[in-house]
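Student: A single structure is presented below for examination.
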């Protein structure tokens, strides 16, 4: 196009006919316009100057520079020089020259506009002129939009046009004209101005096949003779935009390589998948790009070049494979790849990708949910959850909320279409440690499992919804360790399914039912209080459900909270003709306005089909009845029904043969049986009571000293006697050194540290650090037994303690043991812990002790265990020793949690060990190499001594205004030498924030805020090290020097010294 340049005079109107003008020389050919005068309504030139005269040219031989002159009625109105090489669009063969904008163009009458083009030697290259007439008419103006596409080969269907003014369009035919002289008549609506329409065009195929500047002019006649027009011109530039014809593959996850086929790819600057930048791409040719998928979502593929954007007609389906992913409502972005470094923002997006992910044997998805609120954002919808249902239908998925004080919350407040928090419909799904609230539409739930198998809801808080949790048409699911409260109807609803388990939950303050079931789940070991009905068993009319749940070891009661009442503990309602036979064992039910247990049949049957079994329960303090029966045939035995104040303890039924008669006070405290309770030892072994453990998890069959029988107790709690553990002191001989320290453990609930100290002092006399000392490790330092910090600690099984002594005594510790019917579970934060076995008796192989983060569970010794060290540390006269074989009772150990989040350690009971395969300490799963061999903190002894001085003094120090202040620090690391630690040097000043706190960062110096001075092993600083020497403004200052017992970037200030300075 550079060797032929086309010049066309382009006013804000151009007549429909064309005729060539004379060629002044061989450099330029100008196509002139017709000399016919056309009549136009003002304004031809808009007030803002947007309608201007333009010159369009195609040159035969391009001069380096042209001089352009414009004339109106032979009066020069514009002159300028133009460098052709610098002209816009010149590289595509077109030169656009802007003309003048003059109010005179709108004056009524006949006018002539002329343009002349000269070369740099003032030789006339080309000229053209046009005459036109401006007439007075009551009309308006015509505005044109640009074509929707300005890419070569993509022809728009129409161009928007707006007619403005108070006239009418009398003629329905308008004329399009382009720079090639091609005209087309177009019908437009007859009617008043102020109409917006789209003007169809069919003649653009040739124009849109050529790069460069193009124009279209629309003349719309507005009088009956058709010689007065409103007119406007749209100018647009066509470029060789990229075009995508196909791509392969059509789906993939992050890292997938995709071949993109099309045209005009040369110079591509960006490739996107669903709006997200590719991880990388290579332009193989003008027709092929190889791109690697980054993060993102399903959507179109886009290719951007300097000339425009090409978009695929079909979507690329973004998928993910099995793996671990992250979502963070604060720092995430749904365009990310879901990694820990680049999390997604919304749960809807994450779950949608997981649902579309690959499936297969052994495939597993894990989604970690960061603390924060996941909700619809009313102000910025694009930055919040989608207002649409959220359903998890993939298999083998675990969703885990972040541990800590700030939970991960799914909140439906304000949502219109997102009415159930999460629907779980797949197999082997786990939802753990998530709060769900705000889904308050009638009959909608915070969490629903429907058509799910082997799904689990664990350690969740579900509150402020219509229904808390619903399990329907699902089997073998678990709801455990959840807190479900203040929902407007039910806490948990279980309907239509088998093998479901509701266990270890706290369900309270739901105004209708704590638990409602229309099926046969096991409901065990739940704390249920302040619901109108604790557990409601329903066989609805005209249904085929036959609910026969096992209800055992639950504590169901009403508190004394004002305005809160419970009507029924357990209510069984049968309205159909199915067999309904709930088994109600070992529950403690207390305090309601109606009945403890009520059973009611509303249908008449030849054979009774309501056959509940009610055994081993304690039912107390109901205002009407303990057990009430209407139409059922119950089996009642071994219960204590006491102190129901109104009519009778038994209504419509009689006491069982072995019910306590007359009813007696069960003598419980917080529902735990006291030693003189009549409910103890009331259920003989021959009764074949099927319940093996009680509400806290103690075995019900227990060896009782001096009692040969093995009877069980009524109610949810088995009576557990205090036990005594004799601990023989590890006596040091000769000169006492650090090698004489030992770590011990007492597997009893001893109360507080004060209680433990009193038990020791009852044998050893008052605490005397010259003959015996004890310490508890608090995660950074040691609390000595005679300190107030130790006195406030709760002392429970599984803890370890340091002791050093010259005494030879044996100390009898007395307290309740840990539950022995369930595995012992203890949560441990990251870092070091002193631990011990929770039971006395036999040793436990370390390979049988497991650790879990809620997603992965390993034996401690497993070579894949990265949650903790794969061994524990014992302490002997030789110092620390690794233990990889077994842990011994009464011995304490140091244990290091390597995970960034809290984990749980699971120690099996003797029964669990007996029922499991004998551990093999040399099995392939055991650690073969030491993954992390960091040694524990040193034994108690000389703790680090941090010292800070001002002008060589401990302070307080007063300094005259203008005198310098010198701050120095020293450190004696003591037994902690070589331990990784945070070092802190800080100053609290009299200045306003942010200058109120300064910290010294070595070696850069002082700055505002709190920052570690150094992160390094502790070492000796004997000579005073200067950190400040300068004149300070008047005021009061406090300087701090501290070191921590760990290195985590958090200011624990385990060992701290301060000095106060006043500048007067």
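Computed from the coordinates by the stated procedures, all read-outs in this text should not be read as laboratory data. Everything numeric in this text was worked out from a predicted model, so none of it was measured. Every residue, glycine among them, receives a Cβ derived from its backbone with ideal geometry; neighbour counts consider all protein chains shown.
Student: Points 7 angstrom from Cα along the Cβ direction at residue 733 and residue 544: gap in nanometres?
Tutor: Taking the two extended label points, one gets 8.0 nm.
Student: Turning to a different aspect of this structure: Using 5 Å bins from zero, what percent of all Cα-Cα pairs in region 790-843 falls into each bin?
Tutor: In whole percents, the pair-distance histogram is 4, 12, 20, 27, 20, 11, 5, 1.
Student: Find the percent of Cα-Cα distances in region 477-535 that exceed 18 Å, and round it to a whole number.
Tutor: 23
Student: Further question on the same structure: If one puts a single equal scatterer on every Cα of region 722-939 and applies the Debye formula without solvent, what log₁₀ I(q)/I(0) results at q = 0.10 Å⁻¹?
Tutor: Relative scattering, expressed as log10 I(q)/I(0), comes to -0.44.
Student: Another question, if that's okay. If R₀ is 41 angstrom, what is the calculated FRET efficiency for the pair residue 621 and residue 900, using the beta carbon separation as r and rounding to 0.05?
Tutor: Calculated value: 0.25.
Student: Treating the Cα atoms of region 523-645 as identical point scatterers in vacuum, please give the log10 of the normalised Debye intensity I(q)/I(0) at q = 0.09, 0.11, 0.15, 0.20 Å⁻¹, two decimals.
Tutor: After summing over all Cα pairs, the log10 values are -0.23, -0.34, -0.62, -1.05.
Student: Can you order the peptides 249-258, 374-383, 840-849 by their average number of other Cβ atoms within 10 Å per residue, highest first?
Tutor: Ranked from most to least packed, the peptides come out as 840-849, 249-258, 374-383.
Student: Separate question: Given 10 Å bins starting at zero, what is the percent of C-alpha pairs of region 945-1063 in each, up to the one with the largest pair distance?
Tutor: Histogram of Cα-Cα distances, whole percents per bin: 14, 47, 31, 7, 0.
Student: Continuing with the same structure: Mind sorting 777, 71 by how few other Cβ atoms lie within 10 Å of their own Cβ, fewest first?
Tutor: So the residues, fewest neighbours to most, are 71, 777.
Student: How far is the Cα center of region 305-346 from the Cα center of region 966-1024, in Å?
Tutor: 43
Student: If the chain between residue 441 and residue 73 were fully stretched, how many nm would it gain, using 0.36 nm times the residue separation less the Cα-Cα distance?
Tutor: 124.9 nm
Student: Please quote Rg/Rh for region 243-318 to two decimal places, taking the Kirkwood radius as Rh and restricting both calculations to Cα atoms.
Tutor: With Rh from the inverse mean 1/r over Cα pairs, Rg/Rh is 0.91.
Student: Using r as the Cβ-Cβ distance of residue 882 and residue 209, and R0 as 56 Å, what FRET efficiency do you calculate, to the nearest 0.05?
Tutor: About 0.10, to the nearest 0.05.
Student: Among 989-1000, 465-476, 797-808, 943-954, how do they line up by average Cβ neighbours within 10 Å per residue, starting with the highest?
Tutor: Packing order, densest peptide first, comes out as 465-476, 797-808, 943-954, 989-1000.
Student: Something else now. In nm, to one decimal, how far is the residue 857 label point from the residue 124 one, both placed 7 Å along Cα→Cβ?
Tutor: Distance between the two pseudo-spin positions: 9.8 nm.
Student: Per-residue counts of other Cβ atoms within 10 Å, averaged by peptide: what ranking do you get for 530-543, 683-696, highest first?
Tutor: Descending mean neighbour count gives 530-543, 683-696.
Student: Expressed in nm to one decimal, what extension gain is obtained for the pair residue 1015 and residue 687 from 0.36 nm per residue of sequence separation less their Cα-Cα distance?
Tutor: 111.5 nm
Student: Let me ask something else about it. Compute the distribution of all C-alpha to C-alpha distances in region 320-489, in bins of 10 Å from 0, and list the percent of pairs in each, rounded to whole numbers.
Tutor: Taking every Cα pair in region 320-489, the percentages come to 11, 42, 39, 8, 0.
Student: Further, regarding this structure: For region 527-559 and region 405-449, what is the separation of their C-alpha centers, rounded to whole Å?
Tutor: When both Cα centres are located, 23 Å separates them.
Student: On to the next question. Could you please state, rounded to a whole Å, how far the C-alpha centre of region 725-767 is from the C-alpha centre of region 454-512?
Tutor: First find each Cα centre; the distance between them is then 45 Å.
Student: Based on other C-beta atoms within 10 Å, arrange 111, 586 from fewest to most.
Tutor: Exposure proxy ranking, most exposed first: 111, 586.
Student: While we're here: List 490, 1011 from most exposed to least, where exposure is judged by having the fewest other Cβ atoms within 10 Å.
Tutor: Placing the least packed residue first, the sequence is 1011, 490.
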